[in-house]
Structures are given as C-alpha cells and as structure tokens.
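Please treat every number below as a calculation from the coordinates, not as lab data. Quick caveat, the model's predicted, so the values are computed rather than measured. With ideal geometry, Cβ positions are generated from the backbone for all residues, glycine too; neighbour counts draw on all protein chains shown.
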C-alpha cells in the first residue's frame, strides 16, 4: 500500500509540474490579482511596482519546490515577509494555488496534490512567521537603542 501511495504521490507531483509549467502565466496573473486585492493589508514597504515580480517569483518558487528536493520553502516565506506581504496576503496566495490546481486536475490525484501543496504552504507560512519574529525582534532592539540614547 505504501509503495502505491508513493507512486501516486510521484504522479501527482508530475501532474502539478506539468499543470504549473503549461499555465505559468495564468497562475502568475492570479497571484497578481491577489496581491493587488490585498495591497492595503500589507506593510507600507510593498510597492505596487513589486507585484508582478512577486507573483512571478511565487510561481517559480512552487516549481522549484516540486523539482528540487533541496529547495527551502521556509526561505520563500521569509522572502515574502521581507517583501512586505501581510499574513492575510500570504494565506490568500496559498488558497489561490490550491484553487488553481484543483480546478484542472483529476479526482484520483486530489488527496496527493493537496498533501504536496499543503507541504509547500506549511513551510512558506513557517518561514513567514520566522521573518515576522525577526522583524519584531529588530523593532524591539531599535526601540531599546533609541530609549537608551534618549536616557543618556
């Protein structure tokens, strides 16, 4: 049974790669729409001129995750935080990925597809949270330094 699941998971991964590769522009356009729709739920350092590049990079990041076992989806989450995305936007990107993939793939592969996409998204969210924590620690340190300069 486990071997069958492994084969089906591999087939699902291959289908995902094929789907994303052949519809790369459509997925990137969907990401751009999410980024535009959520522009004001992000930090101020996310400029509208960055949207197209972030959407394109997210499409490539998913493909890299599927093709390269060493790809760090956690690093991608940190990058999304550093780009200025808010948590709502990151979650909506994940939702968009699932909707895009589920709309055009065979029912037999859906459990494996969801498992693979969830694995990617889980790492992205963990990385985003790591980036958020680092950001807050930096803010605390900057505040502490400013207070020390003010006291001295």
- Points 7 angstrom from Cα along the Cβ direction at residue 141 and residue 88: gap in nanometres? 3.0
- What's the exposure ranking of 109, 81, 23, 136, going from fewest to most Cβ atoms within 10 Å? 136, 23, 109, 81
- Item | q = 0.18, 0.22, 0.24 Å⁻¹, the range 1-64: log10 I(q)/I(0) [Debye, one scatterer per Cα] | -0.70, -0.86, -0.94
- Mind checking Rg over Rh on the range 85-152, alpha carbons, Kirkwood formula for Rh? 1.32
- Message: Cut-off 10 angstrom, C-alpha nodes, Gaussian network model of the chain. Which of 61, 103, 83 fluctuates the most?
- Response: 103
- Principal-axis tilt of helix 87-103 within the chain, Cα atoms, nearest 10 degrees: 10
- So the pair-distance distribution of the chain, from every Cα-Cα distance in 10 Å bins, comes to percents of 11, 37, 29, 14, 6, 3, 1
- Nearest 10, in degrees from 0 to 90: the angle of helix 73-83 to the longest Cα principal axis of the chain is 40
- For the Cα atoms of the chain, what angle does the longest principal axis make with the long axis of helix 2-22, in degrees from 0 to 90, nearest 10? 70
- Which distance in Å, rounded to a whole number, links the C-alpha centroids of the range 85-105 and the range 58-77? 15
